[in-house]
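Beneath this line is the structure, given in structure tokens, with notes to follow.
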Amino acid sequence: MTDRPGFSTRAIHAGSTPDPTTGAVIPPIVASSTFAQDGVGGLRNGYEYSRSANPTRTALEECLTALEGGSRGFAFASGLAAEDTLIRSIAKPGAHLVLPHDAYGGSFRLFSRAYAPWGLLTDPVDLTDLAAVEAAIRPGETVAVWVETPTNPLMSVADISAIAEIAHALGALVIVDNTFASPYLQQPLALGADVVMHSTTKYCGGHSDVVGGALVTADETLAEKVQFHQNALGAVAGPFDAWLVLRGLKTLAVRMERHSDNAEKVAAYLTEHPGVSEVYYPGLESHAQHDVAKRQMRRFGGMVSFRVRAGEQAAVDACGRTTVFTLAESLGGVESLIEHPGRMTHASVAGTALEVPSDLIRLSVGLEDAEDLIADLDQALC
Ligand SMILES: *Cc1c(COP(=O)(O)O)cnc(C)c1O
């Protein structure tokens, strides 16, 4: 038992106390870049200049911190801006990181194309193979193990607490990209991770109308470094964007429940479809890491991938035939999306360790009526 309020209570109230001057229930969008000082250095509540701190961003950062169970949170202009700030806070040239062999393509590109020339070393590893994770960590050199779970688009699930135990024994931090699960479904800090990263563009924002990122930690030393780099590098969330993500977070719990309801129904339908050879959804008992997923996730979320028996062209054609599912990249919004990873989100990783099957389709199952989603897939798959 804890006296901490429940998840939805925190989502709605953390960071959102009524404005002291007007009583506004919703935090105002403070568009000011600078703040009046009461005499030189006389800051009001610490606000000086909006790159360093902005009241709307503070409201979002407090909410994210409360939802992930951390002590400090930081909001950025994008998920990749959050990743860049974190990596520059913990690593210097010559440092080594262990990466998931099926990491988000943009994270893989950041490490392989942007950081490699600066002397950062990485090893992609299958995170479901704990012996391989342990073998890849170089004591004294490996600063962190980067965990993403579930992964995109093959939905593999890494055991966060087992990896934390291995990494910590060898002196490495554990970073979890919690974008696919959201803080409602998965709490990496409670499972032993040192820092959680989000693309708030996805489920946190939840309405496909903002690009943003976040970091949350319970480690004060790490938080100090991130705060310094957030201001020094400057890739902060603007007040309008921070406000949109904060609004999204208030409904995160109800959205994730409905995403999970709908995705479970869609996954069950696809499993029975004769034209589908494989369905990747952590909620299915047939999923290779279903037991780990059940232990560390509240439910299994809205992302479902599957393979089409008739091959690549049939998969591409099906993506062009849906009418309720919109053919588009990204995920996590109220509307359902369909895409062909091999030719869209993962085209840039063809020929690398991250290449995905060409007959694969990825769905971001939204909040429409499940019957309409299933009927749409049924006519598209013919
Ligand atoms: C989208 C995404 C990112 C990158 O976030 P941006 O907001 O697009 O910069 C990182 N990780 C995962 C899992 C994502 O889906």
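Couple of notes before you dig in:
- Those residues of the stretch 167-192 which are of a type in the set (A, V, I, L, M, F, W, C), open to solvent by 10 Å² or more (accessible area, probe 1.4 Å) and over 21 Å from GLY283 (Cα atoms), in sequence order: ALA169, LEU170, LEU173, LEU189, ALA190
- Tally, over the stretch 238-274, of residues that are open to solvent by less than 30 Å² (accessible area, probe 1.4 Å) and either in contact with a strand residue (DSSP E or B) (Cβ under 6 Å, 6 or more places away or on another chain) or modelled with pLDDT under 95 (or both): 5
- The single condition from (1) open to solvent by less than 30 Å² (accessible area, probe 1.4 Å); (2) touching a His at 6+ places or on another chain (Cβ under 8 Å); (3) among the acidic types (Asp, Glu) that GLU148 fails is (2).
- Checking each residue in the stretch 135-163 for being of a type in the set (S, T, N, Q) and within 16 Å of the ligand (Cβ to nearest atom) picks out THR149, THR151, ASN152, SER156.
- Failed condition for ASN231, given (1) within 15 Å of the ligand (Cβ to nearest atom); (2) more than 30 Å from ILE361 (Cα to Cα); (3) out of contact with any helix residue (DSSP H, G or I) (no Cβ under 8 Å at 6 or more places or on another chain): (1)
- Restricting the search to helices (runs of 4 or more DSSP H) fully inside the stretch 1-120 and requiring at least 1 residues that are surrounded by 19 or more Cβ atoms within 10 Å (Cβ to Cβ), modelled with pLDDT of 95 or more and touching a Leu at 6+ places or on another chain (Cβ under 8 Å) gives 7-13, 55-68, 79-90.
- Output for the stretch 335-373, where each listed residue is open to solvent by 40 Å² or more (accessible area, probe 1.4 Å), of a type in the set (A, V, I, L, M, F, W, C) and either touching a Leu at 6+ places or on another chain (Cβ under 9 Å) or not assigned by TED's automatic domain parsing to the domain that holds VAL276 (or both): MET344
- Restricting ALA310, ALA314, ALA293 to those that are in a helix (DSSP H, G or I) and either β-branched (Val, Ile, Thr) or more than 16 Å from LEU154 (Cα to Cα) (or both) reduces the list to ALA314.
- Checking each residue in the stretch 164-205 for being of a type in the set (Phe, Trp, Tyr) and within 15 Å of the ligand (Cβ to nearest atom) picks out PHE180, TYR203.
The values are calculated or read from the model by the stated rules, or taken from the named source; none is laboratory data. The structure displayed is predicted, hence computed values, not measured ones. Counting neighbours? That spans all protein chains shown, and the Cβs are built from the backbone with ideal geometry, glycine included. Just so you know, the surface numbers come from the protein's heavy atoms only, side chains and all, with ligands and any DNA or RNA stripped out. Shrake-Rupley method; radii C 1.70, N 1.55, O 1.52, S 1.80 Å.
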